[in-house]
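*Asks:* Here it is: the structure, laid out below.
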Amino acid sequence: MAGKSQAGQAPIAQLCQAADPSGGLQGCQTFAPELSPSTLDEAADTNTPFATLVPSTTAAARATPINMAGQSGQSGQLLTFFTAMDNQGNVIVREAPKLDLDLYISNYRGRTRFERLLLIGQSSVPLCVDALKAAVAEAKRGKDVQRYRDAWECIRIAAPNEQEAQWDQAWADKTDKANKVETHRLELELKGYKNNLVKESIRIGHRDLGQHLESIGELVAASDAYVRMRGDASTQSHILDVSKHLIGVMIQRRDWPSVLANVNKILAGSLSEDDIKVQQPYQKMVSGIAHLHSEKYYDAAKSFLETGDLAICQTYNEIASPNDVATYGGLLALASMDRSELQARVLDNANFRNYLELEPHIRKAVSMFVNGRYAACLAMLESYRPDYLLDVHLQKHIPAIYAQIRSKCIVQYFIPFSCVTLDSMNEAFAKPGESLEAELITMIRSGRLQARINTIDRLLVAVSLDRRAEMQTKGLETARGYEKEALERIRRMSLIAANLEVKGNPRERAGGPVTDQWYEDTRRQLNAGEAPA
Amino acid sequence: MDQVASICLAFPPEHLRDDDDSAYHKAMESQLTQLSKLLKDPSQPLRTDGLALLSLLDPSVNSLSYLAVIHSLCIPGLAGPREQLLERLVVFLLSFDARQLRYAGAHLLDILNVVGQGQLLPPAVAVNVLAAAILRIDPSGSMLTSTHINLVKLAYTTDNIEPALPVIDKSIVFYPGMANHKTPDLLCDLTLSPPSFISKDSGLTSLLKAPAILEYDLLCGMMYCARRDWAKAVAAFERVISYPTRDMGTSKIMADAYKKWVLVSLLHAGKYTALPSYTGAGAVKAYGAIGKLYKDVATIFETENAADLKAEVDEHTKEWLDDGNTGLIGEVLSAYQQWQIVNLRRVYSKISIPEIRQLTKCAQIGDVLTKDEDVETLIQNMIISGTLSGVIEKNDNGVSFLTFLSSSATLSEVDFAREIANTATRLKALQPVFKATTERLGTTKEYIKHLVKEQRRAGDKDGDITMGFGADIEDEDLMGEGPTAEALF
């Protein structure tokens, strides 16, 4: 939808329109200054639904009069901003998503909040300013100066008139200094622990240092510190702890192979059944995400579907929320599983049902697919596309996933028929006024759809595989191949026996005199005129 | 003269039985001694009385004597009326008895070489005669000789391809100079494999070098190209490009063949086929560098970019000319749209001609054709030539359309069985070749050395086992006849 090529030439009017009507645009204008960082931190840490805090401020802000002059200036700046984003190859979503930004972000805690906010700010036209402002606030609540800079760079272009667009040098200097002091302190402390040779203290020392480095954005150093914890880990839970810290950093570094390697270690130890139950949600969720990014959609779907206890999953919302698990699992299952598997693994899956309840439209889409209502299923998914395009993990994969689902729908639709009119296919799948033919052709070419198009009677005809003919051709081919190979082998043996190989001494390789002589003599070009018809 | 004639007519003796090889051999030997005496005679009786002698002799019965006479008449230089002599020569080469001539290979080769030069006979006749002679000497045609090389050169340069086909269609599996082929005791033995009686020693061929063999297959390929027999051309070029190499060696001929092979495989299969797995490593590397241009053309050929293909071809006119591939490139351009149409079969079952015109592009003009009639003519030609199985029909509203027919009509059980049986027969026909190769390999020094080593090793192992106490008992157990272990204790 928000294809790269289209977005580049997006008419200004369209962007203005998209940016304009959003009430939320003004909505969050004031919420950041009003809420003190401490309140927010508290909210995030204790898992109190942050959303309950926000709406009141949002509602209040909506009432503030809108400055029209500012508005038009703003759309121009937004255009500049998104042109820049488009040039960087970012996905741009012009449609307004169904999600509510505040409600959405309240599902998460930890460093992923900033990532998600920044991504929405960089991708969604309607939510851009809100999300960027929230991202700046989020960054300033943390200790990572680089993140503040990233967010500020964006908002500086997108909305230079906002208060957040002013660079807060004092804060940056202060935080920088504090970070350095803290790093130094922790390193000294760790040194002290090492001198005392108390294993547990050393482990804690490493962990504290790692956590600090992670929070200031030094991810490589952080993972080094976490790795050092392993040497002093003495119990199973310590090892789990190390792995989780490491995975947390790896996910932020987008290092998916390492995530997979570490995640498998979690369940590798000799865990009791209860332990497995406790660890499974984390393990499955993380490996699902890693598989998703490695484009192994089927493996990813299986992982998400086996996530297990929702309450435990909820506690890992610094990585993904249960809503995400439902969305990822449902979409990927749709893209990679057939109908019976969907029924068995998704709809009849007691554990996963809890997740699906959070995202009822996913459940609906799956059951529509299973019941053969493909067009409705596709329409449902289509309406949620902007939302999914704003998800930090799904964004890059949505076009591929949707294409897979769509072609599966077409294939499934066609299975019971030997022949379908193209018009009825168009009716079921094509957008109004467009024809499905090009897509069908690509599918047939790639072998996903076993059919032929009859453009005279406007039919899609199934190919009936003639097994007998196939067997015969194969048999004859094998016989011929065998004959050819036998001859070729004997020929080569004879050549070698006669010592006639082309040898690799430099003179011959360059085409020595003997090699060339014949050619010049007997050369006769096979030109068009000369080739006898 | 009478005495000479009686010597010439002495073979075959009346009572000679064809199936008695040793008697035949003996008679042959004595005849050879007599004839060589005549040949050495300083008065040259065979040259002076040649024509008269020839009229007395039957070329198919007294082949050996006939050869001796005609050899002395033709070499060096023709002695006698040209027309008459050449007629005799042609008749002889078309009807000689190959069994006799095995004993005088060198002389026959002299004659064949002279013919192969193309001076003596008009080229069309020469090619015919050479091809016939080659197949008379070795009906299986499985051995490459120096005469083969002369034949293809002559046939290709003088554009007399048709008569050479029976020879070049045969699969060659033997080459002169193969190690471990000894001259057999009885040269007349009809069960001998070709390499036993065709060798440098028997004189029926001279030794060949690798470039000559490469040249042979390359010329075969080019001859098939001239006949537009793309399948056979691909096979011939493939033999050149996958020629056995050692120490990363590659020959210029192989590189040239590669270029042609790429183009011809486009014509034959509509796409670039992978190199055979047994292609030499050095060759693969060289092809990658030298044949890049051709590979590029092949890559574009498989896409739907007719304009790009045309541009690429036009840009490198000089290269095609230098490589002598201008003609083939032209063929590739004209084949492009045909393959596009053939490939439509994978997507459509019925499609109208105007749609085909829109969907496929002509690489010669780099765009779609402007008239539906042109497309229809093209398709009709394809259907006639068998490249496309389909029919053109007309709709009620006057639109012509193409219906693709199923490509491989199912064979009936009988036909299928026959096809398979044919292949089996051809494989069985390989049996003698296989046997000859096995024999040859089985008696090479390397193999015997290897065998001895293996046996010694196996022997050592046996020795080890018999050393053990337990093995001893088991050994006796196995024998079954001697006293059993229980009985011993």
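*Asks:* Once the convex hull of the C-alpha atoms of the stretch B:235-315 is built, how many Å³ does it hold per residue, rounded to a whole number? Please list the in-between numbers first.
*Replies:* Values: hull volume 6.8 nm³, N = 81.
In the stretch B:235-315, the Cα hull volume divided by residue count equals 84 Å³.
*Asks:* Going from the alpha-carbon gyration tensor of the stretch B:132-187, what semi-axes, largest first and in whole Å, does one get by taking the root of 5 times each eigenvalue?
*Replies:* Working: eigenvalues 122, 27, 18 Å².
Ellipsoid half-lengths, sorted descending, are 25, 12, 10 Å.
*Asks:* A further question on this structure: So for the stretch B:277-339, Kirkwood radius off the Cα pairs, Stokes-Einstein at 25 °C and 0.890 mPa s: how many µm² s⁻¹?
*Replies:* 194
*Asks:* Right, something else. Tell me, Kirkwood radius of the protein assembly as shown from alpha-carbon pair distances, in Å? Mind showing how you got there, number by number?
*Replies:* Details: mean 1/r = 0.0268 Å⁻¹.
Radius from the Kirkwood sum: 37.3 Å.
*Asks:* Considering only protein heavy atoms, with the full assembly of protein chains and a 1.4 angstrom probe, order A:LEU197, A:LEU213 by accessible area, largest first. Provide the component values of the computation, followed by the final result.
*Replies:* Working: A:LEU197 140, A:LEU213 20 Å².
So, going from the largest accessible area down, we get A:LEU197, A:LEU213.
*Asks:* Next up: Please go through the residue pairs A:LYS98/A:LYS133; B:LYS232/B:LYS295; A:LYS180/A:LYS244; A:LYS364/A:LYS431; A:LYS296/B:LYS361 and name each one whose alpha carbons sit more than 31 Å apart in this structure. If you can, show how the numbers build up before the last one.
*Replies:* Values: A:LYS98/A:LYS133 20 Å; B:LYS232/B:LYS295 21 Å; A:LYS180/A:LYS244 26 Å; A:LYS364/A:LYS431 21 Å; A:LYS296/B:LYS361 38 Å.
Distance filter (> 31 Å) returns A:LYS296/B:LYS361.
*Asks:* Provide Rg and Dmax in Å for the stretch B:1-124, with only Cα atoms included in the calculation.
*Replies:* Cα radius of gyration and Dmax of the stretch B:1-124 are 14.1, 41 Å respectively.
*Asks:* Quick one: compute the contact order of chain B, relative version, from alpha carbon pairs under 8 angstrom and 6+ residues apart, as a percent. It would help to have the intermediate numbers written out before the result.
*Replies:* Values: 563 pairs, mean separation 38.3, N = 489.
Relative contact order here is 8 percent.
*Asks:* Output needed: percent of Cα pairs per 5 Å distance bin for the stretch A:354-420, bins running from 0 to the one holding the longest distance.
*Replies:* Bins of 5 Å from zero give 3, 17, 23, 24, 19, 8, 4, 2, 0 percent of pairs.
*Asks:* Take chain B, mark every one of the trypsin sites (Lys or Arg not before Pro) that falls in a DSSP loop and has at most 10 other Cβ within 10 Å, then report the longest stretch left between them, sites excluded. Numbers along the way, then the final one.
*Replies:* Values: sites that count: B:ARG17, B:LYS182, B:LYS371.
Excluding the exposed sites themselves, the longest stretch runs over B:183-370.
*Asks:* Determine the total buried accessible area between chain A and chain B, counting protein heavy atoms only with a 1.4 Å probe; round to the nearest 100 Å². Walk me through the numbers before you get to the answer.
*Replies:* Numbers: alone 28030 and 26570 Å², together 48500 Å².
Approximately 6100 Å² gets buried when A meets B.
*Asks:* Also, quick follow-up: Quick one, can you get me the convex hull of the C-alpha atoms of the stretch A:100-186 expressed as volume per residue in Å³?
*Replies:* On the way: hull volume 7.3 nm³, N = 87.
Normalising the Cα hull of the stretch A:100-186 by residue number yields 84 Å³.
*Asks:* Taking one equal scatterer on every alpha-carbon of the stretch B:411-458, how large is log10 of I(q)/I(0) by Debye at q = 0.15 1/Å?
*Replies:* -0.59
*Asks:* Follow-up question, since we're still on this one. Find out how many positive minus negative residues lie around B:ASN395, taking Lys and Arg as positive, Asp and Glu as negative, among other residues whose Cβ is under 14 Å from that of B:ASN395.
*Replies:* Taking every Cβ under 14 Å from that of B:ASN395, the sum is -3.
*Asks:* Over the alpha-carbon set of chain B, work out the extent along each principal axis and list the three values in angstrom, largest first.
*Replies:* 98, 86, 49
*Asks:* Per DSSP H run of at least 4 residues, take -39500 (n - 2.57); add these up for chain B, divide by its residues and hand me the 222 nm value, nearest 500 deg cm²/dmol. Don't skip to the end; give the middle numbers.
*Replies:* Details: 27 runs with 308 residues, N = 489.
Helix-only estimate at 222 nm: -19500 deg cm²/dmol.
*Asks:* At most 10 other C-beta atoms within 10 Å and a DSSP loop state: those are the exposed GluC sites (Glu not before Pro) I care about. Give me the longest piece of chain B that has none. Walk me through the intermediate numbers first.
*Replies:* On the way: sites that count: B:GLU14, B:GLU481.
Answer from the scan: B:15-480.
*Asks:* What number comes out for the charge environment of B:PRO276, summing +1 per Lys or Arg and -1 per Asp or Glu over other residues with Cβ under 13 Å away?
*Replies:* On the way: positive: A:LYS484, A:ARG489, A:ARG491, A:ARG492, B:ARG239; negative: A:GLU485, A:GLU488, B:GLU238.
That sum, taken over residues with Cβ under 13 Å, equals +2.
*Asks:* In whole percent, how big is the carbon plus sulfur part of the accessible area of the stretch B:13-93, probe 1.4 Å, protein atoms only?
*Replies:* Details: 2190 of 4190 Å².
Of the solvent-accessible surface of the stretch B:13-93, carbon and sulfur hold 52 percent.
The values are calculated or read from the model by the stated rules, or taken from the named source; none is laboratory data. Keep in mind that this is a model prediction, so the values were computed, not measured. Cβ coordinates were reconstructed from backbone atoms using ideal geometry, including for glycine residues, and neighbour counts include every protein chain displayed. Remember, those area values only see protein heavy atoms, side chains included, never the ligands or the DNA or RNA. Shrake-Rupley method; radii C 1.70, N 1.55, O 1.52, S 1.80 Å.
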